[in-house]
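Read the structure below first, then the notes.
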Amino acid sequence: MAIVSAPGGRRFLIPFLLLAMVTINYIDRANLAIAGPMMAKEFGWSLTVLGFALSSIFWVYTPGLMFWGAILDVIGIRAAYAIGLVIWAVASVCTGFVNSFNTLIMARWAVGFGESVSPPASSKTVRVWMPARDRGFATGTFTAGYYLGPAIGFPLIATLVGAYGWRLMFVILGLATLVFLGLWLLLFSKPEESKWLSPEERDFIVRERDSTGQREVAGSVSHMSRADVFRSPTSWGLVLASGSAAYTIYVYLTWLPSYFLNVQHFNLAKSGWYSAIPYVIATAACFIVGRYTDRSLDAGRMERGGRRRYLIASMACSCAILLVPVVHNLWVILVLLALTLSGSSCTLTTNIALANDVMPNPKYAGLLFGLTGVCSNALALLAPIFTGIIAQATGGFEGAFLLNGGICVVAIIGVLILVRGPIVPSARDVVSPTPAVS
């Protein structure tokens, strides 16, 4: 299919708006990783208890992904994201007033529920706003926030905790988050309703966000049901890829500052800055890989799941964490940590873009992203707990890193077996066969 010349580029404001939202989301999510060791000393928690505290946000975040994935199809992306943002901002402020493990858990549950709107809403926004040829870049832009947030957040939070204490840090960051509510409501709407798009670009988006092949497949599967999403092997391959990436993200997000504190014996400020280094590199990787996959594949290969090869290559990079336990030079360790996190960032970016490519019926995009998020996070929420238990039992993080790498290897095998083509109704309902990934 020939590439159609795009009239204007104002639509790219939306991915950068999502980047801002996701960055704030992950700054708020990363704050306990820095404050946690201070709180553990104050409340007398062991590393195992701290691991449960760090994991607690994901106990509600995980089922919340499915809730928001379903509800945003009903109330719309704009309203869903705004409601979730208010919930997590207010809950972040309340975290500054906790006085026990139980009150912390309740505050983190509320933060997790509010923040769980972000992945399905951001992913569906790309589906609504972006032509197929721009999805990799758009996805890479907002998923960069998963890494830009901690890159900014770790040193910022360490500075705030050092200057004002952990309680006031939570209050400051929660109130700052509310500023972005106005920005979101001001700028976001459906492209059909946007007042700041030119008529030519608006028509271009609406016309090109479903490629020719996707429109043909969507027309032939108009009778597609939710059950078809659950039955498709491709859906579960996407879950495995997302799960391995999310597991790595949660290990880093919750325990990387503690690794530098306890193993490398850095102070709080130095731990924050060194923890940011892998995230800076991973942020750049999101943009580069997202754009490259857009430009290296034609529309036909995208529709057949051609991004899969880049997905597998990204997952292979995440396996670099297996080498960390046998290396003792700090700079080599930083390179391995950065390569692992960059592989994870590119896995998540490519996986979301691939999911948009292989979902020809946009009606079920929210369901697919909710399913992928829930199932992958059900695995990943164990990362802070397992890491804490292993660190407590062994006195180090080597075993936790090996477990992380093993999960990446298993996920690669699963993707190779399961992700073979678009998500379509069962074979008896398909009028003509869909070609598999070449």
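Go through the range 18-47 and count every residue that is in a helix (DSSP H, G or I), at pLDDT 90 or above, open to solvent by 10 Å² or more (accessible area, probe 1.4 Å) and farther than 22 Å from Val171 by Cβ.
1
May I ask you to list the residues in the range 230-241 that are open to solvent by less than 10 Å² (accessible area, probe 1.4 Å) and at pLDDT 90 or above?
Gly237, Leu238, Ala241
Applying the selection to the range 380-396, what residues are open to solvent by less than 10 Å² (accessible area, probe 1.4 Å) and of a type in the set (A, V, I, L, M, F, W, C)? Walk me through how you get there before you give the answer.
Here is the first cut: in the range 380-396, the residues open to solvent by less than 10 Å² (accessible area, probe 1.4 Å) are 380, 383-384, 387-388, 391, 396.
Scanning the range 380-396 gives Ala380, Ala383, Ala391.
All but one of (1) open to solvent by less than 10 Å² (accessible area, probe 1.4 Å); (2) at pLDDT 90 or above; (3) under 20 Å from the mean Cα position of the chain (by Cα) hold for Arg78, so report the exception by its number.
It is condition (1) that Arg78 fails.
Applying the selection to the range 192-209, what residues are open to solvent by 40 Å² or more (accessible area, probe 1.4 Å) and in a helix (DSSP H, G or I)?
Result: Glu192, Glu193, Pro199, Glu200, Arg202, Asp203, Val206, Arg207.
Among the residues that make up the range 184-191, is at least one of them within 20 Å of Gly84 (Cβ to Cβ), part of a helix (DSSP H, G or I) and among the aromatic types (Phe, Trp, Tyr)? Reasoning before the result, please.
So in the range 184-191, the residues within 20 Å of Gly84 (Cβ to Cβ) come out as 184-190.
Right, trim to part of a helix (DSSP H, G or I) and you get 184-187.
From what's left, among the aromatic types (Phe, Trp, Tyr): 184.
Yes, that holds for at least one residue.
In the set Arg11, Arg29, which member is in contact with a Gly (Cβ under 9 Å, 6 or more places away or on another chain), touching a residue at least 24 places away in the same chain (Cβ under 8 Å) and not hydrophobic (A, V, I, L, M, F, W, C)?
Details: Arg11 fails: in contact with a Gly (Cβ under 9 Å, 6 or more places away or on another chain).
So the residue among Arg11, Arg29 that is in contact with a Gly (Cβ under 9 Å, 6 or more places away or on another chain), touching a residue at least 24 places away in the same chain (Cβ under 8 Å) and not hydrophobic (A, V, I, L, M, F, W, C) is Arg29.
Restricting to the range 388-409, name every residue that is β-branched (Val, Ile, Thr) and under 20 Å from the mean Cα position of the chain (by Cα). It would help to see each step written out before you state the result.
Step one: list which residues in the range 388-409 are β-branched (Val, Ile, Thr), which gives 389-390, 394, 407, 409.
Scanning the range 388-409 gives Ile407, Val409.
Could you check the range 387-413 and list, in sequence order, the residues that are farther than 29 Å from Ala121 by Cβ and among the hydrophobic types (A, V, I, L, M, F, W, C)? Steps first, answer last, please.
As a first pass, look at the range 387-413 and keep what is farther than 29 Å from Ala121 by Cβ: 388-403, 405-406, 409-410, 413.
Within the range 387-413, Ile389, Ile390, Ala391, Ala393, Phe397, Ala400, Phe401, Leu402, Leu403, Val409, Val410, Ile413 qualify.
So how many residues does the range 142-175 have that are in contact (Cβ under 8 Å) with a residue 12 or more places away in the chain and either hydrophobic (A, V, I, L, M, F, W, C) or farther than 26 Å from Leu32 by Cβ (or both)?
Total satisfying the criteria: 19.
Give the residues of the range 97-139 that are in contact with a Gly (Cβ under 9 Å, 6 or more places away or on another chain), over 26 Å from Ile71 (Cβ atoms) and not hydrophobic (A, V, I, L, M, F, W, C), sorted by residue number.
Gly136
Taking the conditions exactly as written (within 18 Å of the chain's Cα centre (by Cα), modelled with pLDDT under 90 and closer than 15 Å to Thr248 by Cα), does Asn377 satisfy them or not? Walk me through it before giving the result.
Numbers: within 18 Å of the chain's Cα centre (by Cα): yes; modelled with pLDDT under 90: yes; closer than 15 Å to Thr248 by Cα: yes.
Answer is yes for this residue.
Of all residues in the range 142-179, count the ones that are open to solvent by 30 Å² or more (accessible area, probe 1.4 Å) and within 20 Å of Tyr81 (Cα to Cα).
Let us first name the residues in the range 142-179 that are open to solvent by 30 Å² or more (accessible area, probe 1.4 Å), namely 148, 152, 156, 159, 162-164, 167-168, 172, 175-176, 178-179.
Imposing the further condition that a residue be within 20 Å of Tyr81 (Cα to Cα) reduces the set to 148, 175-176, 178-179.
Residues flagged as open to solvent by 30 Å² or more (accessible area, probe 1.4 Å) and within 20 Å of Tyr81 (Cα to Cα) within the range 142-179 amount to 5.
The values are calculated or read from the model by the stated rules, or taken from the named source; none is laboratory data. Remember, predicted model here, so these are calculated numbers, not experimental data. When we count neighbours, we look across all protein chains shown, and the Cβ atoms used for this are built from the backbone with ideal geometry, even at glycine. Note: areas computed on protein heavy atoms with side chains; ligands, DNA, RNA excluded. Shrake-Rupley method; radii C 1.70, N 1.55, O 1.52, S 1.80 Å.
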